[in-house]
1. Hey, which of the strands (runs of 3 or more DSSP E) in segment 92-138, taking only ones fully inside, have at least 2 residues that are surrounded by fewer than 17 Cβ atoms within 10 Å (Cβ to Cβ)?
2. With respect to Thr319, is the statement that it is at pLDDT 95 or above, hydroxyl-bearing (Ser, Thr, Tyr) and at negative phi true?
3. Can you list the helices (runs of 4 or more DSSP H) lying wholly within segment 222-339 that have 3 or more residues being crowded, with 17+ Cβ neighbours inside 10 Å and within 22 Å of the chain's Cα centre (by Cα)?
4. Looking only at segment 382-415, which residues are open to solvent by 30 Å² or more (accessible area, probe 1.4 Å) and closer than 21 Å to Thr769 by Cβ?
5. Answer yes or no: is there a residue in segment 477-486 that is exposed (fewer than 15 other Cβ atoms within 10 Å of the Cβ), over 26 Å from the mean Cα position of the chain (by Cα), free of Cβ contacts under 8 Å to residues at least 60 places away in the same chain and not in a helix (DSSP H, G or I).
6. Being farther than 23 Å from Gly548 by Cβ, outside any helix (DSSP H, G or I) and open to solvent by less than 40 Å² (accessible area, probe 1.4 Å) is the filter here; which residues of segment 34-67 pass it?
7. Collect the residues in segment 626-670 that are surrounded by 20 or more Cβ atoms within 10 Å (Cβ to Cβ) and among the small types (Gly, Ala, Ser), keeping them in residue-number order.
8. Is it fair to say Asn425 is under 23 Å from Val41 (Cβ atoms) and either touching a residue at least 24 places away in the same chain (Cβ under 8 Å) or among the β-branched types (Val, Ile, Thr) (or both)?
Amino acid sequence: MALVRELVTEQWVNRAESPRPAGARRVCYLSMEFLPGRLLVYTLQKLGLYESCRRTLAEHGLDLDTIAELEADPALGNGGLGRLAACLLDSMANLGLPAYGYGIRYDCGLFAQHIEDGWQIERPDRWLFHGNPWEIPRRELLYSVKFGGRVVEGSGDVVPRREWIAAEEVLATAYDIPVLGYQSQRLNTLRLWSPRAAHELDLRSFNDGDHGGAFSRRNAIESLSQILYPSDATPAGRELRFKQEFFFVSASVQDILRRFQRIDCSLDRLPEEMVIQINDTHPSLAIAELMRLLVDVHHLEWERAWNITRRSFAYTNHTLMPEALEVWPVRFFETLLPRHLQIIYEINDWFLREVAWRRPGDSAILRRVSLVDEEGERRIRMAHLAIIGSQRVNGVSKAHTNLMKQTTFADFQALYPGKFVNVTNGITFRRWLHEANPDLVGLIRSRIGDRWLTQPDDLAALAPHAEDPVFRAAFRAIKRENKKRMAAIIARECGVTVDIDSLFDVQIKRIHEYKRQLLSLLHVVALYNRFRTGTAAAPTPRTAIFAGKAAPGYAMAKLVVKLIHDVADVVNSDPAVGGLLKVVFIPDYSVRKAQNIIPAADLSEQISTAGHEASGTGNMKLALNGALTIGTLDGANIEIREAVGIENFFAFGASIEEAVALRANGHDAWACYHGDADLKDTLDLIASGHFSPSRPDLFQPIVDMLTKGGDSYLVLADFSSYLRCQERVEALYRDPDEWARRAILNVAGVCGFSSDRAVRQYAELVWKTDVDPNVPAIFEMVAPNVFAAAE
């Protein structure tokens with residue numbers, strides 16, 4: 001690992017100042033999460049050294065895979081948001097687009113998930129315990145990040161200057177990780193910030209015998225990078241999260257200005273040279289921080305600074321769920337960021353005057369679009385700040401972008417037509433196929449070569465081979481071997497023996513009510529009920545595989561995790577099932593575990609309540625590896641279904657429009673319960689304590705949420721449609737050759753869902769920049785006539 005790092009670092013240093021392509025702006029990508037995954041094997045593949053390294057190690061009695069397992073999985077994110085950020089950085093390097101990623105160097109990340117008696121237990125993820133061999137400490141890069149204090153009036157040439165006299169200072173120091181393009185000359189950088197106390201020790205307190213208190217300030221400061229997303233269930237947790245976000249954006253914006261001033265002395269040229277991409281609402285404070293630096297430090301007039309700022313930023317929205325559109329109490333700003341509160345008020349005043357001019361007499365729109373929510377406790381709407389302060393705003397799937405424009409941000413769309421654009425998410429095929437599924441890559445390479453690694457649209461050429469029985473047989477054999485490896489992991493980690501010829505039914509994602517792990521589980525219980533009562537007709541062996549983490553403070557999600565485990569304990573040991581149905585939960589889901597699970601999956605569960613999943617990227621990874629999708633018409637599922645062919649996608653449930661109508665007309669959960677015998681039997685079995693005999697009422701809150709609580713995520717509303725769709729799945733799985741044909745068409749059909757394509761669209765639609773002209777264009781979402789030969 002040290003030798004590979006040395007090789008990469010040498011290239012990194014030599015090429016760090018390589019010239020940009022003509023017309024290219026530098027991209028500064030701000031994200032609270034990055035999930036790059038392990039880097040040893042991935043880097044060797046990018047350098048073209050993987051096979052030679054494997055052979056050389058084997059000659060000395062060493063196994064590369066065993067060595068790779070020693071590498072820690074960087075705990076720098078939680079799920080799709082962080083994985084997307086890593087994919088986009090990878091593609092920027094691959095396409096020769098100069099870019100910096102900015103984030104936080106979390107000591108423990110989210111948490112390590114342990115399971116005790118079926119309950120999720122959170123423990124620190126000590127991924128840095130042995131250090132990170134890929135990072136380069138940049139201790140000479142220190143930035144002061146301030147909190148608290150007061151603002152005083154100062155003198156200025158034209159208008160009074162304001163000076164922020166802070167009460168607390170934190171030093172941000174940089175750690176850099178190289179981002180290497182695939183067999184390319186471009187190396188970009190992921191820069192992570194770690195906090196340090198300006199004064200490490202209160203010597204007077206220490207000498208007075210208060211040894212713990214002497215280090216209290218340092219410990220409080222270091223807590224800024226201890227974990228990702230501190231629980232916001234308490235005021236202290238919310239304040240820590242607020243400080244964490246500002247710490248990261250302040251250091252990043254200061255660094256961006258420093259780097260810019262090395263190449264240009266006129267701050268007016270900042271928007272021409274650099275673009276700052278805000279990945280979701282978390283980094284929105286960067287807009288106010290840039291304004292502060294331009295006005296207070298560089299002494300620009302307010303209008304000039306605001307013109308520079310709003311032409312420099314772009315904002316990606318990843319969700320329209322109210323709880324995820326961050327709002328922060330004004331009191332947080334008053335006590336922690338008083339100068340930024342003044343700036344936000346000034347931005348709001350400027351903006352509302354413009355709205356009033358455009359929409360005279362419409363006081364209602366002023367309340368709706370204001371940065372300040374005046375209802376109840378006064379709060380600052382961070383998504384509104386991101387929209388107002390950005391030149392472009394993008395959604396992450398066609399459906400999500402349309403919802404942005406038609407619902408939550410409809411007022412902004414009306415005020416700024418053309419500001420909202422769509423860039424559907426993508427994944428890097430180099431990580432999620434080339435590294436994750438080498439046997440399948442070998443088969444694909446034998447028929448169409450490997451140019452698709454840099455030109456993903458070429459993967460469409462695989463479609464005609466779906467009609468070749470020899471190719472289908474080889475494809476099925478590879479899938480079976482992947483399932484065999486996964487079965488060994490399940491046996492080792494879960495203590496459950498599974499049938500590798502059963503349908504591997506996979507749902508791997510964050511545990512949340514809208515993602516509806518509960519709907520999958522109700523189906524499992526319904527199948528189990530049929531087995532135990534002898535009413536199952538032509539049963540198809542199935543292994544239901546779950547993985548994902550529930551937020552520490554999310555009681556209902558953690559109860560669902562417990563229910564999954566208790567159902568598994570009963571189902572897996574009931575002789576009436578005869579081994580035809582198994583349920584497993586893979587603990588501590590991570591990039592590494594995803595790379596084991598995804599190649600083994602037969603069925604991809606993408607069953608979020610329609611209108612809630614902005615895009616998804618797990619749906620793309622699973623389809624790319626030959627899993628068929630069962631899913632709602634939500635997020636990128638809609639585009640995936642169009643790309644792979646509607647006959648090769650198992651769609652069910654209410655559409656976005658139907659879900660809205662159901663709620664508007666008063667969805668009757670009890671009518672669903674009484675109108676479907678399978679559903680009633682399933683819920684009654686859970687409520688009876690069958691899966692929790694020692695605590696019969698343990699899962700009553702879940703049953704009550706679905707029935708008395710009104711079924712807000714339409715689990716009961718979609719249950720019957722889901723069961724009927726699963727029957728179609730089982731019927732097709734009983735024809736393994738036809739299943740393989742459709743799986744191959746899925747692999748070919750998702751060629752357009754590459755992060756290389758996404759980056760090109762960002763470059764054209766959002767960043768207004770150019771990629772390296774020597775890199776071939778990859779732009780079409782779906783290659784034309786992808787299925788023509790197959791037909």
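The values are calculated or read from the model by the stated rules, or taken from the named source; none is laboratory data. Since this is a predicted model, take the numbers as computed values, not measurements. Note: ideal-geometry Cβ built from the backbone for every residue, glycine included; neighbour counts use all protein chains shown. Heads up: the accessible areas ignore ligands, DNA and RNA and are worked out on the full protein's heavy atoms, side chains in. Shrake-Rupley method; radii C 1.70, N 1.55, O 1.52, S 1.80 Å.
1. Hits in segment 92-138: 112-116, 119-123.
2. no
3. 235-263
4. The answer is Gln391, Arg392.
5. Checking segment 477-486: not a single residue is exposed (fewer than 15 other Cβ atoms within 10 Å of the Cβ), over 26 Å from the mean Cα position of the chain (by Cα), free of Cβ contacts under 8 Å to residues at least 60 places away in the same chain and not in a helix (DSSP H, G or I).
6. Leu39
7. Once the filter is applied, which keeps residues that are surrounded by 20 or more Cβ atoms within 10 Å (Cβ to Cβ) and among the small types (Gly, Ala, Ser), segment 626-670 yields Gly626, Ala627, Gly631, Gly635, Ala636, Ala643, Gly653, Ala654, Ala659.
8. Against the criterion (under 23 Å from Val41 (Cβ atoms) and either touching a residue at least 24 places away in the same chain (Cβ under 8 Å) or among the β-branched types (Val, Ile, Thr) (or both)), Asn425 does not qualify.
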